[in-house]
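Here the structure is laid out as structure tokens; the discussion comes afterwards.
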Amino acid sequence: MLSKCANPSCSTTLRYLRSGKLFKIEMEGPVLVNGRKPVRKVEHFWLCGICSETQTLTYDHALGVRVLDKPMLIRRAAAS
Ligand SMILES: [Zn+2]
């Protein structure tokens, strides 16, 4: 899971945790039918240095983990 950048269109492999950004994302496991609460699990994702400058990770119940552009940086780049 943590062997490469979480951006699907980036193939940078994880060698140094110092570069890039590590995300700890808490997600709900499968809903159990016997009345017990769904188990929450924590997964780690990594964005490489280049991707983490312009992108971030988010978790959505329906869509799972997604890579999003950082809106502030896009606006700043468009203004210059
Ligand atoms: Zn990357």
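Each value in this text was obtained by applying a stated rule to the coordinates, not by laboratory testing. Keep in mind it's a predicted model, so treat the numbers as computed, not measured. Every residue, glycine as well, gets a Cβ built from its backbone with ideal geometry; the counts of neighbours run over all protein chains shown.
Things worth noting here:
- Amide proton proximity set for GLY20, modelled H, under 5 Å, gap of 5+: GLY49
- Taking amide H atoms as placed 1.01 Å from N in the peptide plane, the amide H of GLN55 lies under 5 Å from those of LYS70, each 5 or more residues away in sequence or on another chain.
- Cross-link reach is defined here as a Cα-Cα straight distance under 27 Å, omitting same-chain residues fewer than 8 places apart; for LYS4 the lysines meeting it are LYS21, LYS24, LYS41, LYS70.
- Sequence-separation-based contact order of the chain, relative, with Cα cut under 8 Å and 6+ spacing, percent: 27 percent
- For the range 7-48, relative contact order (Cα pairs under 8 Å, six or more residues apart, normalised by length) works out to 45 percent.
- Mean shadow area of the chain over all directions, Cα convex hull, nm²: 6.6 nm²
- Neighbour counts of other Cβ atoms within 10 Å put CYS10, CYS5 in the fewest-to-most order CYS10, CYS5.
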